[in-house]
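Trainee: Dropping a structure here in structure tokens format, bear with me for questions.
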Amino acid sequence: MILNKNKHYTATVEKVLPFGNGALTLEGKTILVPNVLVGEVIRFKLIRLEKKKGIGKCIKIIKEAPERVKAPCVIASRCGGCQIQHLSIDGQLARKLNLLKEQLPKDTAIEIIKSENETHYRNKIQLSFQNNKDGFVCGLNKTNSNEVIDMKSCLIVNENINEVLVSLREWMSTLPSSTPLAHLVIRHSNKNEIMVGLIVSSSTFREKNSFVSAIKTNANVKSILLNINPTSNETILGPTTNLLYGKETISDTCLGLYYPISLNTFVQNNPVMTETIYTYVGELIKPLKPTLVWDLYCGIGILTQYLAKFSTTTLGVELVKESIKNATLSSKDNECKNVSFVSQDVKEFLGQTQDTPQVVVLDPPRKGCDKDVLASLIEKKIDTIVYISCSPQSLGRDSKIIIESGYTIESVKAFDCFTHTIHVETVVCFKLAS
Ligand SMILES: C[S@@+](CC[C@H](N)C(=O)[O-])C[C@H]1O[C@@H](n2cnc3c(N)ncnc32)[C@H](O)[C@@H]1O
């Protein structure tokens, strides 16, 4: 059989890849199809064909997998935000557990903790605009495409964020097509404060006043910012941000610790599960009674401050200056006296410091730790390394290096902070073998 683009084929899904696409083999080519499950017999349209692989779009599921459910969100099969809404919650947890088992040493005991909220758990949404023939749309990119899927509301973000989307859409419908809209960021705090950041691609944006009037009708909106990003690369925020309304930051709390949220600082997305994870990390560290704990990749330093309850001193290290500024401010407000913060690349910091803590907490971005970072920590013979990871793949790679250097895994706990998506947060506690 010769495969042709735009033709329909029937096949069985062989596996689901870590990033959510189903994979099947046809005529020696791997065809990726989103929104399907292992064992399902599907009819699909071949929408892209390359030498060794292709992309298909599922037209019909001829035989459904037992764990298939009706996706609760109407745009789930097109929007790239949630990749596995069509999988039951138990199926999602089993899938995440299996991904971790594939990455960590055989027979490692892994527990996975269910999310306390399966919907409306996120405190942040980041959307893109696109100018189509019928006017502007605002949403997330379609799976495997640059097309923006128009979003009226989102199943996994806080309901207060969805209310702002209603006002935004009304405003959007009044705009001339030349308006240089690029992205929108909305953040919510547990004090019910909302920050709205509009990112435009040019300083010629003239609709500032109408934007503010439309958005501030929502009483929870306490901060409206305008960011200008003339580049079309993958970075959402440009270098210039101007305050249009209210205050520069909104306030939040985690485990009783106050912190400010800025437009450009990293904050954990699922606040309820963040408290569960931080509490667990505290339980791992408390019995060790350390004198010094390093919290590397500390972001806004709330975990650093929480861990200061269990250590004589803690030090947080983070690249983004604004995050360290916020960490320093909040540690004063929280009267947390035994913490300090350094704004530096973790690799550089490790290359310069002479200190050796008993415990290091690592929470790197999705790509994991630089090899030199792991080498420096291994050389220092740190007793306990607590690795918090949002990527089973980079966790697997880094764990192998840590284990080969004389550490053993004491415990692994995963947390389903990102229900309906492929993502999972995992805490691994490594101990230096004596
Ligand atoms: C997954 S976040 C963790 C933040 C924090 N631990 C928390 O719980 O909110 C990763 C953080 O690493 C920071 N980061 C990324 N690369 C870095 C580097 N090379 N050196 C220091 N910090 C870095 C990012 O800015 C981000 O704040």
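Trainee: When you check G316 against the structure, is it closer than 13 Å to I388 by Cβ and in contact with a strand residue (DSSP E or B) (Cβ under 7 Å, 6 or more places away or on another chain), yes or no?
Mentor: no
Trainee: Let me ask you something else. Which members of the stretch 182-200 meet the condition of being buried (at least 21 other Cβ atoms within 10 Å of the Cβ) and not in a loop (DSSP other than H, G, I, E, B)?
Mentor: Result: A182, L184, I186, R187, H188, I194, M195, V196, G197, L198, I199, V200.
Trainee: Scan Q130, Q85, Q92 and give me the residue that is over 21 Å from the mean Cα position of the chain (by Cα), among the polar types (S, T, N, Q) and within 24 Å of N35 (Cβ to Cβ).
Mentor: Criteria check complete, one pass: Q130.
Trainee: Still on this structure: Can you tell me which residue among G282, G299 is away from the ligand (no atom under 11 Å from the Cβ) and open to solvent by less than 20 Å² (accessible area, probe 1.4 Å)?
Mentor: Residue meeting the stated conditions: G282.
Trainee: Go through (1) assigned to a loop (DSSP other than H, G, I, E, B); (2) within 14 Å of the ligand (Cβ to nearest atom) and name the single condition A219 misses.
Mentor: Tallying (1) assigned to a loop (DSSP other than H, G, I, E, B); (2) within 14 Å of the ligand (Cβ to nearest atom), A219 fails exactly one: (2).
Trainee: List pairs: first residue in the stretch 103-129 and closer than 30 Å to N141 by Cβ and assigned to a strand (DSSP E or B), second residue among the small types (G, A, S) and open to solvent by 40 Å² or more (accessible area, probe 1.4 Å) anywhere in the structure, Cβ distance under 9 angstrom, at least six positions apart or on different chains.
Mentor: Listed by first residue and then by second, the contacts come to I112/A94.
Trainee: Among the listed residues L319, L315, identify the single one that is of a type in the set (A, V, I, L, M) and open to solvent by 60 Å² or more (accessible area, probe 1.4 Å).
Mentor: Step by step, each of L319, L315 is checked, and only L319 is of a type in the set (A, V, I, L, M) and open to solvent by 60 Å² or more (accessible area, probe 1.4 Å).
Trainee: Which condition does F310 not pass, out of (1) away from the ligand (no atom under 14 Å from the Cβ); (2) open to solvent by 60 Å² or more (accessible area, probe 1.4 Å), if it passes all the others?
Mentor: Condition not satisfied by F310: (2).
Trainee: Which of the numbered conditions does K289 fail, given that it passes all the others? Conditions: (1) more than 10 Å from the ligand (Cβ to nearest atom); (2) surrounded by 17 or more Cβ atoms within 10 Å (Cβ to Cβ).
Mentor: Unmet condition: (2).
Trainee: As an exercise: evaluate K5 against (1) in contact (Cβ under 8 Å) with a residue 40 or more places away in the chain; (2) open to solvent by 40 Å² or more (accessible area, probe 1.4 Å); (3) charged (D, E, K, R); (4) not in a loop (DSSP other than H, G, I, E, B) and give the number of the one condition it does not meet.
Mentor: (4)
Trainee: May I ask you to list the residues in the stretch 130-157 that are in contact with a Leu (Cβ under 9 Å, 6 or more places away or on another chain), open to solvent by 30 Å² or more (accessible area, probe 1.4 Å) and in a loop (DSSP other than H, G, I, E, B)?
Mentor: Of everything in the stretch 130-157, those that are in contact with a Leu (Cβ under 9 Å, 6 or more places away or on another chain), open to solvent by 30 Å² or more (accessible area, probe 1.4 Å) and in a loop (DSSP other than H, G, I, E, B) turn out to be N144, K152, S153.
Trainee: Which numbered condition in (1) β-branched (V, I, T); (2) over 21 Å from the mean Cα position of the chain (by Cα); (3) outside the structural domain of L237 (by TED's automatic domain parsing) is the only one that I112 fails?
Mentor: The number of the failed condition is (2).
Trainee: Now for a separate question. Select from the stretch 262-276 the residues that are away from the ligand (no atom under 11 Å from the Cβ) and among the aliphatic types (A, V, I, L, M) and write down the one among them that is nearest to N190 (Cα to Cα).
Mentor: Selected residue: V272.
Trainee: Here is a follow-up. Where the second residue is within 10 Å of the ligand (Cβ to nearest atom) and in a loop (DSSP other than H, G, I, E, B) and the first is open to solvent by less than 20 Å² (accessible area, probe 1.4 Å) and lies in the stretch 258-270, which pairs have Cβ atoms under 6 Å and are six or more apart or on separate chains?
Mentor: From the stretch 258-270, the pairs are Y259/I300; I261/V267; T265/I300.
Trainee: While we're looking at this one, here's another question. Out of curiosity, is N334 touching a residue at least 40 places away in the same chain (Cβ under 8 Å), under 22 Å from the mean Cα position of the chain (by Cα) and more than 9 Å from the ligand (Cβ to nearest atom)?
Mentor: no
For every residue, the table says whether it meets (1) in a helix (DSSP H, G or I); (2) outside the structural domain of E425 (by TED's automatic domain parsing); (3) among the small types (G, A, S).
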site: T265; (1), (2), (3): no, yes, no
site: I285; (1), (2), (3): yes, no, no
site: F310; (1), (2), (3): no, no, no
site: K332; (1), (2), (3): yes, no, no
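Trainee: In the stretch 161-175, what residues are in contact with a strand residue (DSSP E or B) (Cβ under 8 Å, 6 or more places away or on another chain) and open to solvent by 30 Å² or more (accessible area, probe 1.4 Å)?
Mentor: Of everything in the stretch 161-175, those that are in contact with a strand residue (DSSP E or B) (Cβ under 8 Å, 6 or more places away or on another chain) and open to solvent by 30 Å² or more (accessible area, probe 1.4 Å) turn out to be R169, S173.
Trainee: Still on this structure, I have one more. Can you tell me which residue within the stretch 233-257, out of those that are of a type in the set (D, E, K, R) and either more than 14 Å from the ligand (Cβ to nearest atom) or free of Cβ contacts under 8 Å to residues at least 12 places away in the same chain (or both), is least open to solvent (accessible area, probe 1.4 Å)?
Mentor: Only one residue fits best here, namely K247.
Trainee: OK, next. Could you tell me which of the residues T179, T204, T217 is of a type in the set (V, I, T), over 30 Å from L329 (Cβ atoms) and open to solvent by less than 30 Å² (accessible area, probe 1.4 Å)?
Mentor: Answer to the check: T179.
Trainee: Another question, then. Does at least one position in the stretch 313-320 carry a residue that is over 27 Å from G238 (Cβ atoms) and either assigned to a loop (DSSP other than H, G, I, E, B) or away from the ligand (no atom under 13 Å from the Cβ) (or both)?
Mentor: yes
The values are calculated or read from the model by the stated rules, or taken from the named source; none is laboratory data. Values in this document were obtained by computation on a predicted structure and should not be read as measured data. No Cβ is skipped: glycine too gets one built from the backbone with ideal geometry, and neighbour counts run over all protein chains shown. Protein only, heavy atoms only, side chains kept; ligands, DNA and RNA dropped before computing areas. Shrake-Rupley method; radii C 1.70, N 1.55, O 1.52, S 1.80 Å.
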